[in-house]
Structures are given as C-alpha cells and as structure tokens.
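S.K.: So that we are looking at the same thing, I have put the structure below in structure tokens.
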Amino acid sequence: MTRPTLFENNRWLGDKRTQRVHDLDHTSEACAIDDLLASEQFATFGPDLLAEARNRGYRPHGCVAADA
Ligand SMILES: [Zn+2]
C-alpha cells in the first residue's frame, strides 16, 4: 500500500477510536487506513515521532516494528 498523499509529511497516524498508532511506512490491510481516513477519527503528531504518540496514550498497532 502506498502512503496516502495527504500524509506525505507524516509517518505516524493515530486512530482516536482505538488509541492505536500506525506506521504509514509499513501499513497493511489490517491497518484499514482507508476506513480510518473515512472516519476522520485520526490524529497526527507534532513532532511526528512514535515517542510523541506514546506520550499521548497511543499504543503501537501491529504494523509498527518492535524496534521503531
Ligand atoms: Zn497499522
């Protein structure tokens, strides 16, 4: 899956419904990014870092590498 052009400047995308964060460089069908975008319940982070997502209470989705 290609990275949504809407987020070409973002790597990490949070789902407010599940409090999970996705790695847009490694998404799979399990991420259901299209569904997330349609729901408009997504979050971006500033700075665009996994650590920032964690600070905001988001847990890594399965697409996030263990060493990310
Ligand atoms: Zn994911």
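S.K.: Could you grab me the full set of residues in the range 16-68 that are away from the ligand (no atom under 12 Å from the Cβ), among the acidic types (Asp, Glu) and surrounded by 15 or more Cβ atoms within 10 Å (Cβ to Cβ)?
M.R.: Listed by number, the residues that qualify are ASP48, GLU52.
S.K.: Please verify whether the range 39-57 includes one or more residues that are in contact with a His (Cβ under 8 Å, 6 or more places away or on another chain) and basic (Lys, Arg). Spell out the reasoning first.
M.R.: So in the range 39-57, the residues in contact with a His (Cβ under 8 Å, 6 or more places away or on another chain) come out as none.
The answer is no, given that none of the residues of the range 39-57 is in contact with a His (Cβ under 8 Å, 6 or more places away or on another chain) and basic (Lys, Arg).
S.K.: When the residues of the range 3-23 are filtered to those that are among the hydrophobic types (A, V, I, L, M, F, W, C) and at pLDDT below 95, which remaining residue is farthest from ALA68 (Cα to Cα)?
M.R.: Selected residue: LEU6.
The values are calculated or read from the model by the stated rules, or taken from the named source; none is laboratory data. Keep in mind that what you see is a predicted model, and the values were worked out from it rather than measured. Neighbour counts run over all protein chains shown; Cβ positions are idealised from the backbone, glycine included.
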